[in-house]
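Below is one structure, written out as structure tokens, with a few remarks after it.
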Amino acid sequence: MQEVAPCSSWALPKQKTYVFKNASIVNPKNGSIRRATVCTHEGKIHSILDNPDLVFTDDAQHTTIDLSGKYLCPGLIDCHVHISSVPGEPNLSKSFTQMSHPISLLRQPTMCREILARGFTTVRDCGGATLALKEALAAGAFPGPRLFFAGHALSQSGGHADMRSSHDTTSCCGGTVTGPGRLCDGVPECLRATREELRQGADFIKIMAGGGVASPTDKLESLQFTPEEIRAITTVAANSGTYVTAHAYTPFAVRTAVENGVRGIEHGSLIDEETARFMAERGVWLTPTLVTYTEMLEKGFLPPELRGKNDAVIRAAIQSLTIAQKAGVKMCYGTDLLGPLTTAQTREFSIRGAVLGSLETLQSATVNAAEMLREETRLGRIEEGFVADMIILKNNPLKNVEILNDPENQLLAVIKEGRVMVSRWSKLDVDCFLPPEKIE
């Protein structure tokens, strides 16, 4: 049968079959290293064999790569990004609230390529990304990570996604979009806003359940949305087979969100021991984002009137990791970096590693993240039948997870769905684009 030509000029070439011999395979599930040969075929991990002389593949044109002395790790997952908040502007107001939509769109492909080059083969966008971006990445229009997205984060008026100042007397009607957020007040508006985000392809729903650092009019300790409003949102999400995660710092905000059906907490920087146990007992996920507060402080990203809120979060954030770890809360890797700060995406590994240790930090960016995304049978591990998302490292991240904060010197290659998308290694070439045909 004649092969049908792709309907788009950017369609990716068929995956090659690779045989990675003598690999030290990192298992973040149990912290072990297995020395074996990994065969990838048609974008999946076809086989893992302890005997390097046995290779089961039907592809006679397979490519063999010797990984002696190298480490093969699952592709990384960042569970809290904002791809629409692109680099190019120096501060919060310009990069997050005043940048035009066309400027953001034109810069997003570059940001996606940079995310992938750091080893992140999957990301979860918690406000601002669109179905069009997800589809473009899936189709291979440009290199980037696999995307799960929330659409617009839902916020009450005066909440964390309402960027109007206290002197702005304009009134927003229900459903008003404010950059990465959508305003909704009262149960009917919350029902409609949730349904609209799901209609537009959102994989999950994000709500602002409490005050935030970057919003101009709310206090950190404020509680946002009523229990009835939160229940309306979580009910619609559950009816559609998905979940709700909530921006929340304080014990009160966290507990109110969870009691009304929320399944994940973003940040949680001010939680106490009782709240952490409450989350663990109910299987609620926590995605801390410590690097964003440090970067906002060091880079002078925030206006003076918001720096006090950031200082309060920084003082408590490290302790919140210890509290959550002690209570047995499952944690995922997240960064929440905006604008020019996104270049520090891997710094979270260094911050967490110093508190949680290498294994637990790596788990947060692989197996835990995959489970939270409900993709634990496809992503987060190097096992037969899983998607071939892998990174090749010079050193062992189980011994020192901080090597992941140095991709320019430690990360040799990034493989997504069996294609070599990024390579800093002379022994392995990028294969995700077809070269032009020779005409002479």
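Of note:
- Residues 399, 29, 70, sorted so that the one with the fewest Cβ neighbours within 10 Å comes first: 399, 29, 70
- Averaging 1/r over each pair of different alpha-carbon atoms in the chain and inverting the result gives 22.4 Å, the Kirkwood hydrodynamic radius.
- Its Cα centre serving as origin, segment 77-372 has a Cβ charge dipole (Lys and Arg +1, Asp and Glu -1) of approximately 460 debye.
- Here's the picture: charge each Lys and Arg Cβ at +1 and each Asp and Glu Cβ at -1 in segment 222-379, and of 223, 316, 354 the one pushed furthest to the positive end of that dipole is 354.
- GNM top mover of 125, 311, 203 - the chain, alpha-carbon springs below 10 Å: 311
- Counting only DSSP beta bridges with both residues in the chain, the antiparallel share comes to about 50 percent.
- Which of 50, 389 has the fewest Cβ neighbours within 10 Å, and the rest in rising order: 50, 389
- Kirkwood radius and radius of gyration were both taken over the C-alpha atoms of segment 309-374, and their ratio Rg/Rh is 0.97.
- Here's the picture: charge each Lys and Arg Cβ at +1 and each Asp and Glu Cβ at -1 in the chain, and of 155, 270, 241 the one pushed furthest to the positive end of that dipole is 270.
- Placed amide H near residue 226: partners under 5 Å, 5+ positions off or other chain: none
- Given the chain, longest segment not containing exposed loop chymotrypsin sites (Phe, Trp or Tyr not before Pro) (DSSP; at most 12 other Cβ within 10 Å): 57-440
- Between the listed residues 289, 137, 302, the Cα displaced farthest toward the positive end of the dipole of the chain, a dipole computed from Cβ unit charges relative to the Cα centre, is found at 289.
- Remark on residue 65: its backbone amide H falls under 5 Å from those of 19, 20, 21, a criterion applied only to residues 5 or more positions apart or on other chains, H modelled at 1.01 Å from N.
- Cα centroid separation - segment 285-332 against segment 335-385, whole Å: 16
- Footprinting exposure proxy for 309, 416 (fewest neighbouring C-beta atoms within 10 Å first): 309, 416
- Within the chain, helices built from complete DSSP H runs that reach 15 Å or longer along their own axis (Cα positions) and carry a mean Kyte-Doolittle hydropathy of 0.0 or higher are 101-117, 227-239.
- Diffusion coefficient of segment 294-440 by Stokes-Einstein, Kirkwood radius over Cα pairs, 4 °C, 1.567 mPa s: 73 µm²/s.
- The calculated pair-distance distribution of segment 179-220 uses every alpha carbon pair, bins of 5 angstrom beginning at 0, and gives 5, 19, 26, 23, 17, 9, 1 percent.
- Alpha carbon convex hull of segment 190-242, projected area averaged over orientations, nm²: 4.1
- Residue-normalised convex hull volume from the C-alpha trace of segment 110-156: 68 Å³ per residue.
- Taking amide H as placed 1.01 Å from N in the peptide plane, residue 79 has its amide H under 5 Å from the amide H of 124, 333, 334, 335, each at least 5 places away in sequence or on another chain.
Read the figures in this text as sums done on the coordinates, not as results from a lab. Because the structure is a prediction, the values reported are computed rather than measured. Virtual Cβ from ideal backbone geometry, glycine too; neighbours counted across all protein chains shown.
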